[in-house]
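In what follows, a single structure is set out as structure tokens and then discussed.
Taken together, the values in this text are just the output of simple stated rules run on the coordinates, not laboratory data. Keep in mind that this is a model prediction, so the values were computed, not measured. Positions of Cβ are generated from backbone atoms using ideal geometry, with glycine treated the same way; all protein chains shown enter the neighbour counts.
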Amino acid sequence: MFDDEDNDFDFNEEDFDPSEFQREQERIHNLPVYKKAMEIAAITQAICESIDPKKDDLDIRSMMLQNAYVIGSKISGAEGGDLFTLRMENAVIIKIHARELLAQTSLCQAEGLSNNHYLQILRDEIEQFKLLFIEWVKSFDKTNDIKDDWGLFYD
């Protein structure tokens, strides 16, 4: 059905510079919003490891980890995509997952699944993340885009 030569998406290995890729990864990983996302993921993982699986009838641990891990990966995706629309799409997904994670701390508290002190630490980190997130989104270049036909993010 597809010929390998027709399915290379114009990728040329000779144009790939591993050192440039490494620099870009370092740039992304040094962003304050990305660093905070990694802290949130680590705190979430520690909280989830402390939850007794026998008491976790709703599998909240799995949902919390998924939400925490998506945040960092979507920051990378937004930075790698660079176009305004792609960055905004990733930003919306990040917001949704961060808010779900915040709501899940309340569920953990209500169900008595984790120490309230640790849940509050995670809540505080998410609030700090939100401030960094707002500044990060403000840095998106609205002029660097190719408008799509979905009608989002434009008047």
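Structure above, values below:
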read-out	value
Of ASP56, ASP124, ASP17, the one that fluctuates the most in a GNM where the chain has Cα springs shorter than 10 Å	ASP17
Cβ-based net charge around ASP124, under 14 Å, with every Lys or Arg adding one and every Asp or Glu removing one	0
Net charge of Cβ neighbours under 12 Å - reference ILE71; Lys, Arg +1; Asp, Glu -1	+3
Tensor-based shape of the chain (alpha-carbon gyration tensor, a/c under 1.5 rounded, otherwise prolate or oblate)	prolate
Residue-averaged [θ]222 nm for the chain, counting only DSSP H segments that reach four residues, each worth -39500 (n - 2.57)	-23000 deg cm²/dmol
Likely footprinting exposure, PHE153, PHE21, PHE129, fewest C-beta neighbours within 10 Å first	PHE21, PHE153, PHE129
Sorted by Cβ neighbour density within 10 Å, fewest at the top, the residues HIS117, HIS97	HIS117, HIS97
15 Å reach of a label modelled at LYS55, 7 Å along Cα-to-Cβ, counting backbone N of the stretch 86-105	105
Per-residue Cβ neighbour rank within 10 angstrom, fewest leading, LEU152, LEU31	LEU152, LEU31
